[in-house]
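Below: one structure, written as structure tokens.
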Amino acid sequence: MLGFLSARQAGLDDPLRLRRAESTRRVLALELNKDRDVERIHGNGVNTLDIEPVQGRYMLSGGSDGVIVLYDLENSSRQPYYTCKAVCSVDRNHPDVHKYSVETVQWYPYDTGMFTSSSFDKTLKVWDTNTLQTADIFNFEETVYSHHMSPVATKHCLVAVGTRGPKVTDKKFWQFLGHHVMNISWQLQVLTVE
């Protein structure tokens, strides 16, 4: 790693090469937690996870089956090895379940009483966590690949949505001509689009 840093500092190497080397090193160092598991609810793969930022106690998961599950991560058994239990889920029998794969779930940054989900069914749904009912549904013309709420907005809630079409929206339409917006995230007050 020091070789990459020295070459970058001397201007001999591209910054992207250092970034790739560090990203690769970090990915190869990842390990699964051997003493914690989660209850298996999804019938198919899990596409997205989000841990609520207020207490770090609850986790949302969205699956390729359209199901959303809310888990309690707290170890109430006090055992060294434990399984995190599902508190509730928006399953296939729920009236507001997504028709297709859930691509992104995200907690509201300041309160666990609300979360959002987006899906290949061309919708973004705002959920009331306490009742597990939709508070609002936004329909889009194109397939929704991802969404992200601004983590620093306190007087409003900006939600950027990346779709199959070349638009990113927070109720103002921003055009990225010739691009499918696959990944989107707010970094402080700057929007990152990939």
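The values are calculated or read from the model by the stated rules, or taken from the named source; none is laboratory data. All values reported here derive from a predicted model rather than from experimental measurement. In this analysis, Cβ positions are derived from the backbone assuming ideal geometry, glycine residues included, and neighbour counts consider all displayed protein chains. For accessibility, only protein heavy atoms count, side chains too; no ligands or nucleic acids. Shrake-Rupley method; radii C 1.70, N 1.55, O 1.52, S 1.80 Å.
Only one residue in Ser89, Ser23, Ser64, Ser77 is open to solvent by 30 Å² or more (accessible area, probe 1.4 Å) and in contact with a Ser or Thr (Cβ under 6 Å, 6 or more places away or on another chain). Which one?
From the options Ser89, Ser23, Ser64, Ser77, the qualifying one is Ser64.
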Can you find a residue in the stretch 71-87 that is in contact with a strand residue (DSSP E or B) (Cβ under 8 Å, 6 or more places away or on another chain), under 17 Å from Lys125 (Cα atoms) and either part of a loop (DSSP other than H, G, I, E, B) or at pLDDT 90 or above (or both)?
no
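Being over 14 Å from the mean Cα position of the chain (by Cα) and touching a residue at least 40 places away in the same chain (Cβ under 8 Å) is the filter here, so list the residues in the stretch 59-79 that pass it. Walk me through how you get there before you give the answer.
Here is the first cut: in the stretch 59-79, the residues over 14 Å from the mean Cα position of the chain (by Cα) are 65-67, 71-79.
Gly66 - this is the single residue of the stretch 59-79 that is over 14 Å from the mean Cα position of the chain (by Cα) and touching a residue at least 40 places away in the same chain (Cβ under 8 Å).
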Return only the number of the condition from (1) within 18 Å of the chain's Cα centre (by Cα); (2) of a type outside the set (Asp, Glu); (3) not assigned by the TED database to the domain that holds Met149 that Ala21 does not satisfy.
(1)
Limited to the stretch 111-149, what total is found for residues that are within 14 Å of Asp50 (Cα to Cα) and open to solvent by 50 Å² or more (accessible area, probe 1.4 Å)?
2
Return yes when Thr154 is modelled with pLDDT under 90, assigned by the TED database to the domain that holds Asn47 and of a type outside the set (Gly, Ala, Ser) and no when it is not.
yes
Can you find a residue that is in the same structural domain as Asn130 (by the TED database) and on the phi > 0 side of the Ramachandran plot anywhere in the stretch 45-60?
yes
For the stretch 150-165, state whether one or more residues are more than 26 Å from Gln55 (Cα to Cα) and more than 19 Å from the chain's Cα centre (by Cα).
yes
Pair list, Cβ < 6 Å and 6+ apart or interchain, from the stretch 80-103 residues that are within 23 Å of Thr163 (Cα to Cα) and not assigned by the TED database to the domain that holds Arg57 to residues that are among the acidic types (Asp, Glu) and assigned to a loop (DSSP other than H, G, I, E, B)
none
Residues in the stretch 31-50: is at least one without any contact (Cβ under 8 Å) to a residue 60 or more places away in the chain, surrounded by fewer than 17 Cβ atoms within 10 Å (Cβ to Cβ) and within 13 Å of the chain's Cα centre (by Cα)?
yes
Can you say whether Glu103 is modelled with pLDDT under 85, under 24 Å from Gly45 (Cα atoms) and open to solvent by 40 Å² or more (accessible area, probe 1.4 Å), as far as the supplied structure shows?
no
Is there a residue in the stretch 1-16 that is more than 30 Å from Thr134 (Cα to Cα), in contact (Cβ under 8 Å) with a residue 12 or more places away in the chain, open to solvent by 40 Å² or more (accessible area, probe 1.4 Å) and aliphatic (A, V, I, L, M)?
yes
